[in-house]
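Written out below as C-alpha cells is the structure these notes cover.
The values are calculated or read from the model by the stated rules, or taken from the named source; none is laboratory data. Source: prediction; values computed, not measured. Cβ: placed from backbone, ideal geometry, glycine included. Neighbour counts: every protein chain shown.
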Amino acid sequence: MVKVNLHPSVYEWIDEMAKITKPDKIVWIDGSEEEKQRLIKEALETGELMELNQEKLPGCYLHRTHPSDVARVEDRTFICTPTKEEAGPTNNWMDPKEAYKMLYSLFDGSMRGRTMYVVPYLMGPVGSPYSKVGIELTDSIYVVLNLRIMARIGDVALKALGSSPDFVKGLHSKANLDPEKRYICHFPQDNTIMSVNSGYGGNVILSKKCFALRIASYLGKKEGWLAEHMLIVGVEDPSGNVTYIAGAFPSACGKTNLAMLIPPEPLKKLGYKVWTVGDDIAWMRIGEDGRLWAINPEAGFFGVAPGTSYKTNPNAMETIKRNTIYTNVLLKEDGTVWWEGMDGEPPERGIDWLGRPWTKDSGEKGAHPNARFTAPASQCPSISKEWENPKGVPISAIIFGGRRAKVAPLVYEAFDWQHGVYVGATMASETTAAAMGKVGVVRRDPMAMLPFCGYNMADYFAHWLEMGKKIPNPPRIFHVNWFRQDENGKFIWPGFGENLRVLKWIIERCEGKVSAKETPIGYVPYVDDLYLDGIDIDKETVEKLLEIDKELWLKEAEDSREFLSQFGDRLPKELIEENEKLKQRLSK
Ligand code: GTP
Ligand code: SPV
Ligand code: MN
C-alpha cells in the first residue's frame, strides 16, 4: 500500500465501524491488478461471480442478485437531516439520531464470518481540483469489483486524500438481504452514507447515486456548484469544432445511448463525430472564462443491458466485450450473455437471470429489465480525449428530457435561464425498471433528480436560479422527447443515432445560426432547419412531433402548478411566475 499519513479520523472511523459490524478480517484495497485477480478468484469460489467464456468475453463475469433486490429502492432511501424541512417533501426523512440507532442495530455483527473491505475511491479525474474522495467499507467483493470500474480506487485515492479529514464515509453490508430491513440512508451534514441489506448496484456502489448525486448535490449547494444526473457529450462539427452538451434524463431514459451516439450515415459523411465524456453524472462549476464547466466524476459505465445492441448502441457493445461485470442477464450455453433487444435471433435456450433453465418460447424474460453491465469508460471507442481533463469541458447547452408518449414535442428551447429552470423543475417522465415499483406511470422528476437530490428540492431550484445569475455566459436550456408514441404505442421518432439531428439544431441555436418558431412553451424548430436527409420518417410526421397541443399543455401547466405547490413558501417565486406566464401564453 502507498505510504501516506492519513488523518487519524480515518482509522478511528474504520475501527468504530468494525466494532459494530464485527468482520473476521479487514482488508485494505490498493487497486492493483494482482489484488483484482485475487478477489475474482475468491468470488468465483463463493459463487458471487460466474466466469463467462474467456475467449469470447475476456475478463468478463456474471453476477446474479437476489430476486427481491434488482433495482434502487426509493421508498427505503432516506435523507437524514436534522429537520424534516431540510430533506423536503420529495424525500423520505428520518431523524439522524433515530436513523443511526436503527442502523447500528442492523449493522450489529452483520459482517461476522466475512471480510470487511476498505475501499478508498476518488471521484473525478486524478489531479482535478474538483475531485473528491470517499471510503466505502463493504462486505461484498461484487461491490469492490464494481467500484474498481466505476471509480479510481486504492492508492490513487489515498494519495488524493493525503492527511485531510475531508472524505465521504460509506458503510455497506449485505447483512442478510432482508428486504424489510433494507435501508439506504444519507447524512449530508456528516458526509456519511449507510446502506444495509441490499446487493444491487445503485443501492450499494455508494460512489454513484449516494455520493456523486445525493451527498454531492448538498455539497454543491453549500459550495456553489452543481451535481447533476447528466450525461456529457461532445459533438464535433465538420470544421473540427467540438460543442459539449450535458443532458438530464431520468433513469433508463437514454443518457448512455445519447452519450455514445454514432452519427447516421449522411451526417458522418458531412464530417460529424461524437465523443463521450460521461453517461450518468456531471459535476459542474463556473470556470474562469465565465462558462459552465463539467467533469464526469466516474470512471466507468453502469449501463442498462436490455435494448443495447449493435443497432442501437454499437459503442456500448464494443465497450462491454472485455473486463465487464454483467448483472442479471441471461447466460447462454456457450458461456456468453444475452438480453432482450440484443441483435439477431434470441438463443434457443439458456439460464435466465433467476438462474433457471430458460427457452425462447417460455414467454419469460431472459434478462431482468434492469439488468446492467459495468464497464471501464476507457474501453469506449468514442471516449473523448478530454474525458479526464482536470478542468472538465465547457458546456454550451443543457438538455432536459423524459419518456412522454404524448404532450412533449421532439425538442424545444427555453426562452432564458429562468424559464429553463422552470422547464427542468416541471419535467415529467414515465417510470422505468431502474427503481422498484410500477413501470410506465408519468411522474414529475425535476431535472431527473427526484430520487437523487440530497436536500429540499425547493432549495435546489433556488440554487439553480442562483447559479444562473452567477454564470456570465450560461448554457442555453432545451427539452427533448425521443419517446412520443403513435396510436399503436409505437415510438414515432427513430431515436438513437438519429438524435444527432436534434443535437445539430441545438448547437446551431447556441451558435445563433438558425431562427426558430416562438410558441407558448418555448422556441421550436422550423422543420426545414432540421437536417432530415436520409432519415426514415417523413417531414409531415416530424411536423406533428413538433406540434404544441394547447389543451394538453394547459393541463400540463395545471399539473405542474400542483406539483410545485407542495413546496409551499419555500418554493422560489420565480417558478410560480413562470407557471403564470406559461398559462397566459397558452390562453392567448
Ligand atoms: P440510467 O443508467 O438508469 O441512468 O439510464 P440511462 O438514462 O443511461 O438510459 P439508457 O441510455 O441506458 O437507455 C435506457 C433504455 O432506453 C434502453 O433500453 C435504450 O435502448 C432505450 N433508449 C435509449 N435511447 C433511445 C431512443 O432514442 N429511442 C428509443 N426508442 N429508446 C431509447
Ligand atoms: C439509475 O437508476 O439512474 C442508474 C442505475 O444509473 S443505479 O446506479 O442503479 O441507480
Ligand atoms: Mn442514472
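Okay, here's what the table says:
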item	result
Any hit, segment 476-483, residues being over 17 Å from Lys406 (Cβ atoms) and of a type in the set (Lys, Arg)	yes
Index of the failed condition, Leu39 passing every other in (1) over 29 Å from Arg214 (Cβ atoms); (2) assigned to a helix (DSSP H, G or I)	(1)
Out of Val235, Val242, Val204, Val156, sole residue that is surrounded by fewer than 24 Cβ atoms within 10 Å (Cβ to Cβ), of a type in the set (Val, Ile, Thr) and within 16 Å of ligand 1 (Cβ to nearest atom)	Val235
Close pairs (7 angstrom Cβ cut-off, 6 or more residues apart or separate chains): closer than 22 Å to Arg322 by Cβ and surrounded by 17 or more Cβ atoms within 10 Å (Cβ to Cβ) in segment 25-52, polar (S, T, N, Q) and modelled with pLDDT of 95 or more anywhere	Leu52/Thr336
Any hit, segment 87-99, residues being in contact with a helix residue (DSSP H, G or I) (Cβ under 7 Å, 6 or more places away or on another chain) and either more than 17 Å from Arg214 (Cβ to Cβ) or in the same structural domain as Tyr455 (by the TED database) (or both)	no
Residues located in segment 285-315, provided they are within 16 Å of ligand 3 (Cβ to nearest atom) and not in a loop (DSSP other than H, G, I, E, B)	Ala294, Gly300, Phe301, Phe302, Gly303, Val304
Some residue of segment 247-261 being more than 12 Å from ligand 1 (Cβ to nearest atom) and assigned by the TED database to the domain that holds Cys510	no
Filtered residue count, segment 243-276, keeping only those that are under 24 Å from Ala212 (Cβ atoms) and assigned to a strand (DSSP E or B)	8
Pairs with Cβ under 7 Å, 6+ apart, first in segment 105-120 and among the basic types (Lys, Arg), second modelled with pLDDT of 95 or more	Arg112/Lys22; Arg114/Pro23; Arg114/Asp24; Arg114/Asp139
Qualifying residue in segment 578-588 (condition: at pLDDT below 95 and either surrounded by 13 or more Cβ atoms within 10 Å (Cβ to Cβ) or assigned to a loop (DSSP other than H, G, I, E, B) (or both))	yes
Segment 220-232, subset touching a residue at least 24 places away in the same chain (Cβ under 8 Å) and either acidic (Asp, Glu) or more than 13 Å from ligand 2 (Cβ to nearest atom) (or both), residue surrounded by the fewest Cβ atoms within 10 Å (Cβ to Cβ)	Gly224
Test result for Ser195, within 26 Å of Ala448 (Cβ to Cβ), surrounded by fewer than 24 Cβ atoms within 10 Å (Cβ to Cβ) and polar (S, T, N, Q)	no
Answer residue from segment 334-381, given it is within 16 Å of Glu318 (Cβ to Cβ) and in a loop (DSSP other than H, G, I, E, B) and is nearest to ligand 3 (Cβ to nearest atom) among those	Cys380
Count - residues of segment 407-434 that are touching an Asp or Glu at 6+ places or on another chain (Cβ under 8 Å) and over 21 Å from Glu518 (Cβ atoms)	2
Residues located in segment 96-117, provided they are surrounded by 15 or more Cβ atoms within 10 Å (Cβ to Cβ) and not in a helix (DSSP H, G or I)	Ser110, Met111, Arg114, Thr115, Met116, Tyr117
Residue in segment 382-391 that is part of a loop (DSSP other than H, G, I, E, B), under 28 Å from Glu223 (Cα atoms) and of a type in the set (Phe, Trp, Tyr) present	yes
Restricting segment 407-448 to residues that are within 16 Å of ligand 2 (Cβ to nearest atom) and of a type in the set (Lys, Arg), the residue that is surrounded by the most Cβ atoms within 10 Å (Cβ to Cβ)	Arg443
Qualifying residue in segment 509-523 (condition: of a type in the set (Ser, Thr, Tyr) and in contact with a strand residue (DSSP E or B) (Cβ under 6 Å, 6 or more places away or on another chain))	yes
Sole exception among (1) buried (at least 18 other Cβ atoms within 10 Å of the Cβ); (2) of a type outside the set (S, T, N, Q); (3) under 21 Å from Trp482 (Cβ atoms) for Pro572, by number	(3)
Residue in segment 58-81 that is more than 31 Å from the chain's Cα centre (by Cα) and not in a loop (DSSP other than H, G, I, E, B) present	no
Single residue of Arg148, Arg112 found to be out of contact with any Gly (no Cβ under 9 Å at 6 or more places or on another chain) and closer than 17 Å to Val27 by Cα	Arg112
Given (1) surrounded by fewer than 16 Cβ atoms within 10 Å (Cβ to Cβ); (2) over 24 Å from Ala299 (Cα atoms); (3) in contact (Cβ under 8 Å) with a residue 12 or more places away in the chain, number of the condition Val2 does not satisfy	(2)
Exclusive hit being small (Gly, Ala, Ser), farther than 24 Å from Pro188 by Cβ and at pLDDT 95 or above, set Gly127, Gly134	Gly127
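Yes or no, residue by residue, for (1) buried (at least 18 other Cβ atoms within 10 Å of the Cβ); (2) at positive phi; (3) within 16 Å of ligand 2 (Cβ to nearest atom):
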position	(1), (2), (3)
Ala259	yes, no, yes
Ile262	yes, no, no
Lys268	no, no, no
Tyr272	yes, no, no
Gly278	yes, no, yes
Ile281	yes, no, yes
Met284	yes, no, no
Asp289	no, no, no
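Condition check ((1) more than 15 Å from ligand 1 (Cβ to nearest atom); (2) under 23 Å from Ala252 (Cα atoms)) across all residues:
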position	(1), (2)
Lys321	yes, yes
Pro347	yes, no
Trp358	yes, no
Pro369	no, yes
Asn389	yes, no
